1. Tell me the residue from 59, 87 that is at pLDDT below 75 and either more than 16 Å from residue 6 (Cβ to Cβ) or not assigned by TED's automatic domain parsing to the domain that holds residue 130 (or both), please.
2. Name the residue that is surrounded by the fewest Cβ atoms within 10 Å (Cβ to Cβ), counting only residues in segment 5-18 that are in contact with a helix residue (DSSP H, G or I) (Cβ under 9 Å, 6 or more places away or on another chain) and assigned to a helix (DSSP H, G or I).
3. Would you say residue 2 is in contact with a helix residue (DSSP H, G or I) (Cβ under 9 Å, 6 or more places away or on another chain), modelled with pLDDT under 80 and either part of a strand (DSSP E or B) or loosely packed, with under 14 Cβ neighbours inside 10 Å (or both)?
4. Restricting the first residue to segment 41-67 and requiring it to be within 21 Å of residue 86 (Cα to Cα), which pairs with a second residue that is assigned to a loop (DSSP other than H, G, I, E, B) and modelled with pLDDT under 50 meet a Cβ separation below 6 Å and a spacing of at least six or different chains?
5. Quick check on segment 121-155: of everything there that is part of a loop (DSSP other than H, G, I, E, B) and within 18 Å of the chain's Cα centre (by Cα), which residue is surrounded by the most Cβ atoms within 10 Å (Cβ to Cβ)?
């Protein structure tokens, strides 16, 4: 009989969240319930791990010498699949941007989560942004005219500020 493991151990082995393990239950994983606790077969988890690795759904080896999060540590790996972006392509984009937001240049580490920016019409990936910059573009509906008007508005306010200071 195979060794039995908990949901937490499954999540650790597959490098996924507990919520993801819950979604896998009944589909990819078939736990037994013992005293109200879901117990998984180590053999079944190892088999699933091999299938996921073959499909490219497991993280690559740990990156060395970078402060930003590797693709496997994105808040949601689904985003890579959503934009048909391979982890290696994501890493290349992030390296070209030196691990920083393409707009404000904040460094991606700690709680700063990278967002994949894309054109909503074509679906083409444009770069990687921090959440505030991504929201800013979304609120402007990706319209350059709106963003130029916002720049003009801020510049005019700054000029008025300086004029008041000079008086």
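1. Going through 59, 87 in turn, just one is at pLDDT below 75 and either more than 16 Å from residue 6 (Cβ to Cβ) or not assigned by TED's automatic domain parsing to the domain that holds residue 130 (or both): 59.
2. 8
3. Yes, satisfied.
4. 63/70
5. By that ranking, first place goes to 130.
The values are calculated or read from the model by the stated rules, or taken from the named source; none is laboratory data. Keep in mind it's a predicted model, so treat the numbers as computed, not measured. For neighbour counting, all protein chains shown are included, and Cβ atoms are generated from backbone atoms with ideal geometry for every residue, glycine included.
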